[in-house]
Amino acid sequence: MSAPKGGTPATDSTTALSALSTEQLIGSGQEGGLLDQVNAWVQRVRGGDMGALPAIAGFVVLSILFTALSPFFFTERNFANLLTQAATLVMLGMALVFVLLLGEIDLSAGVTAGLTMVIFVVLVAVVNLNWILALALAFLTGIAIGTFIGFFVAKVGIPSFVVTLGLFLGFQGLELMIIGAGGLYRVETPEILAIQNSTMPPWAGWVMILVMLGISATMSFVDRARRTRAGVPNRTIALVWAKLIAIAVLGGIVVFILNQNRGTGFKAIEGVPIVVPITLAILWLGTFVLDRTKFGRYIYAVGGNAEAARRSGVKVAAIRWCAFIVCSSLAVVAGLFSISKVGSVDAAAGRDIVLSGVAAAVVGGVSLFGGRGRLIHAAIGALVIAVITNGLGLLNLPAGVNYAVTGGVLILAATIDAVSRKRAGGSVLRT
């Protein structure tokens, strides 16, 4: 189980739960100086706890490879395309993290996204309902689906694989009944289309970076002040400044690239796509929930050792129930990103993306066995898969190659996860 902030989840749930009594403290893992932090990280990696390191390495290697193979890969236009293409998968991967951390699975998340968007578009196009009200009803549908899944998994005791597989098949039938075979509805709502197809003014990108720096600095220094008042050791201040510098440098590079004109005609296209700050806001909010709330700590506890969590007073069934509701709700957002990008909804909406969402989470370092992983891991994994799809497309390779490479990467990631757990277990036994 992870520490509430910054650490990588371990399986010792009992130790983690014992720390929950100190509500005012935000744990930050191994404390001490910069050298202590580096040594602790090296020990975690050697013990098999690599987190997103393999995914980051894969992202860098693939980016260099495709840049060398295609002159169009590392361009302003393709960089923006890569971010918008990955947005749906990033959101779906983050949705699935909440149930994967419990050692569960939601095979219906993709078709949940598709069905709710079918309902949204039909309400707008056929019933002529206001798009805001229609979107609210779509979200309520997603919440209801998550509640349904959570009830049968947490209360009835049916395996999540069975429940969600049934819904995966059933929701496809509902989509066919609502739209009809071969049917298709165009998305006509400008506000929805703007999410993936419009950009912020160039100055807004720099404001976004300043906001990120402000939030990160405020939270870091507030945490340090609270730990100092409680007499708890703090990490070296150098790590805070290093994190802020990393945000400023990496964010500044991204904004600078996206602010370049990537239009091909008379109209300039520049600025950060609107979908980027929306995704970052949800990523931050979800990370806050997992790192800094009882609900998040209990998710890691249940995923690490459900029986130990139950004996410590955690309402395991309620945590599982809520996790499926969160997953289905975020799946609706993924569906919204998808229809904004495609511009239409058909009877097959969401059918082919759920396994890619699972792949994104696993490739990023989220464990299929539960108790280990973070939302940022799923986002990194989604970017890796998006790079593979984008790069192979630029090389004009067949779609079959894309599936084969993605499948191979997924198997490799799952193997790394399994081996790292064995190594971590061996380390525990040796100590």
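The values are calculated or read from the model by the stated rules, or taken from the named source; none is laboratory data. No experiment lies behind these values; they were computed from the predicted model shown. Here Cβ is always computed from backbone atoms with ideal geometry, including for glycine, and neighbour counts include all displayed protein chains. SASA here: full protein model, heavy atoms, side chains in, ligands and nucleic acids out. Shrake-Rupley method; radii C 1.70, N 1.55, O 1.52, S 1.80 Å.
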| task | State which residue pairs qualify: first residue of a type outside the set (Asp, Glu) and surrounded by fewer than 17 Cβ atoms within 10 Å (Cβ to Cβ) and inside region 404-429, second residue at pLDDT 75 or above and in a helix (DSSP H, G or I) in any location, beta carbons under 7 Å apart, and separation of 6 or more residues or different chains. | result | Ala414/Val362
| task | Could you tell me whether region 159-166 includes any residue that is in a loop (DSSP other than H, G, I, E, B), closer than 30 Å to Lys315 by Cβ and modelled with pLDDT of 90 or more? | result | yes
| task | Could you figure out which of (1) under 20 Å from the mean Cα position of the chain (by Cα); (2) open to solvent by 30 Å² or more (accessible area, probe 1.4 Å); (3) not aromatic (Phe, Trp, Tyr) isn't true of Ala238? | result | (1)
| query | So is Gly286 within 19 Å of Met219 (Cα to Cα) and under 14 Å from the mean Cα position of the chain (by Cα) or not? | reply | yes
| said: Please count how many residues of region 99-114 are open to solvent by 10 Å² or more (accessible area, probe 1.4 Å) and either free of Cβ contacts under 8 Å to residues at least 24 places away in the same chain or farther than 15 Å from Gly304 by Cβ (or both). | reply: 2
| task | Go through (1) at pLDDT 70 or above; (2) assigned to a helix (DSSP H, G or I); (3) among the hydrophobic types (A, V, I, L, M, F, W, C) one by one and return the number of the condition Leu397 breaks. | result | (2)
| Consider Lys243 against the criteria (1) in contact with an Asp or Glu (Cβ under 6 Å, 6 or more places away or on another chain); (2) closer than 30 Å to Thr75 by Cβ: it satisfies all of them except one. Which criterion is unmet? | (1)
| task | Could you list all residues from region 195-206 that are in a helix (DSSP H, G or I) and open to solvent by 30 Å² or more (accessible area, probe 1.4 Å)? | result | Asn197, Pro202, Trp203, Trp206
| said: Just to be sure I understand, how many residues within region 368-382 are open to solvent by 10 Å² or more (accessible area, probe 1.4 Å), farther than 16 Å from Gln85 by Cα and outside any loop (DSSP other than H, G, I, E, B)? | reply: 2
| message | Just to verify a result, which residue in region 157-184, among those that are among the polar types (S, T, N, Q) and within 12 Å of Val111 (Cα to Cα), is most open to solvent (accessible area, probe 1.4 Å)? | response | Gln172
| said: Being buried (at least 17 other Cβ atoms within 10 Å of the Cβ), over 22 Å from Ser340 (Cα atoms) and modelled with pLDDT under 90 is the requirement here; does Ser216 meet it? | reply: no
| query | Any idea which of Gly364, Gly371, Gly381 is more than 28 Å from Glu175 (Cβ to Cβ) and within 14 Å of the chain's Cα centre (by Cα)? | reply | Gly364
| request: Specify the residue that is modelled with the highest pLDDT; the eligible residues are those in region 383-393 that are open to solvent by 40 Å² or more (accessible area, probe 1.4 Å) and touching a helix residue (DSSP H, G or I) at 6+ places or on another chain (Cβ under 7 Å). | output: Leu383
| Being open to solvent by 60 Å² or more (accessible area, probe 1.4 Å), among the hydroxyl-bearing types (Ser, Thr, Tyr) and assigned to a loop (DSSP other than H, G, I, E, B), is that true of even one residue in region 258-274? | yes
| task | Given the conditions (1) surrounded by fewer than 15 Cβ atoms within 10 Å (Cβ to Cβ); (2) in a helix (DSSP H, G or I); (3) not aromatic (Phe, Trp, Tyr), report the number of the one that Pro233 does not fulfil. | result | (2)
| query | Would you pick out the residues in region 290-312 that are within 20 Å of Ser329 (Cβ to Cβ) and loosely packed, with under 15 Cβ neighbours inside 10 Å? | reply | Thr293, Lys294
| task | Go through the residues of region 360-367 one by one and say whether even a single one is in contact with a His (Cβ under 9 Å, 6 or more places away or on another chain) and not in a helix (DSSP H, G or I). | result | yes
| message | So for region 184-194 (the condition being within 21 Å of Arg320 (Cβ to Cβ) and not in a helix (DSSP H, G or I)), does at least one residue qualify? | response | no
| task | Kindly indicate whether Ile209 is touching a helix residue (DSSP H, G or I) at 6+ places or on another chain (Cβ under 8 Å), surrounded by 15 or more Cβ atoms within 10 Å (Cβ to Cβ) and without any contact (Cβ under 8 Å) to a residue 60 or more places away in the chain. | result | yes
